[in-house]
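Encoded as structure tokens, the structure appears first; notes follow it.
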Amino acid sequence: MKKLLTLCAILILSHCAYAQMDGSFNNSVGIQAFGVLQVPKLFNESSKDKYLNTGVYGAMIKFNDNQISYRISGTYFNKNININDVDVTSGKLQDYAFKVGFEKNFNYSRIQPYFLMDLGYRSDEFTGTINNTTLANLSKSGITVAPGFGLKINVVRAITFYAEGNLEFFYFQAKDSVNPEDSEVRTTDKYYKSQFLLNPVSAGIQFHFGSNN
């Protein structure tokens with residue numbers, strides 16, 4: 001009897017998760033609930049990596065076609081940061097990005113690894129002070145290309161948990177502006193530069209709808 005009940009439970013769970021595993025939902029909406037992100041360097045910051053933890057910071061729309069999904073995503077976060085480097089820099093960092101891309105599932109199982117590729121626009125702006133005396137502003141905006149890998153877990157029908165990471169190439173135009181306190185002299189520099197950013201984790205939940213059955 002226990003074996004029969006166990007078998008029935010497995011069959012029920014398999015049926016609940018099967019709908020998205022075989023790609024039978026046309027669309028998905030995702031919420032990026034947690035992330036560990038590397039941010040672009042600020043001013044004369046050293047070469048050491050700097051990562052930020054952030055809560056809900058983005059959303060995603062996906063159009064599913066069997067094992068391939070086309071995705072449109074947007075992210076935004078606003079954080080107070082401090083950098084103890086050659087100079088002490090503190091202030092507010094605002095970052096937003098819009099991307100389009102795709103992801104390719106490797107299988108139809110309940111646990112699905114996948115490959116992803118995103119391309120889009122990113123803007124990053126810091127406003128604060130250096131050594132508590134110099135007003136500083138740094139803005140960076142440009143294109144971003146981010147290949148990566150992820151893992152999805154289909155728990156119940158139409159709901160999936162996911163986690164992914166990527167290596168992001170950011171090519172940007174930067175504008176540095178500094179204004180020492182009690183001085184009318186404002187120094188501004190513009191230049192083009194690129195940087196690789198490692199974003200280890202972005203995790204969230206996806207809701208699927210529009211069954212094609």
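The values are calculated or read from the model by the stated rules, or taken from the named source; none is laboratory data. As the structure is a computational prediction, the values presented were derived from the model and not from experiment. A quick note on method: Cβ atoms are made from the backbone with ideal geometry, for glycine too, and the neighbour counts reach across all protein chains shown.
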| query | Can you name the residue in the range 163-193 that is loosely packed, with under 11 Cβ neighbours inside 10 Å and farther than 21 Å from residue 133 by Cβ and is also modelled with the highest pLDDT among such residues? | reply | 192
| query | Looking at (1) part of a strand (DSSP E or B); (2) farther than 30 Å from residue 104 by Cα, which is the one condition that is false for residue 132? | reply | (1)
| message | Based on this model, can you work out whether residue 97 counts as small (Gly, Ala, Ser), at pLDDT below 95, buried (at least 16 other Cβ atoms within 10 Å of the Cβ) and part of a strand (DSSP E or B)? | response | no
| field | Per-region count, the range 111-162, residues among the aliphatic types (A, V, I, L, M), exposed (fewer than 15 other Cβ atoms within 10 Å of the Cβ) and within 25 Å of residue 95 (Cα to Cα) | value | 2
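Those residues that are more than 23 Å from residue 127 (Cβ to Cβ) and loosely packed, with under 14 Cβ neighbours inside 10 Å, I need them from the range 69-94; list them, please.
First, the residues of the range 69-94 that are more than 23 Å from residue 127 (Cβ to Cβ): 69-73.
Within the range 69-94, just 70 meets the criteria.
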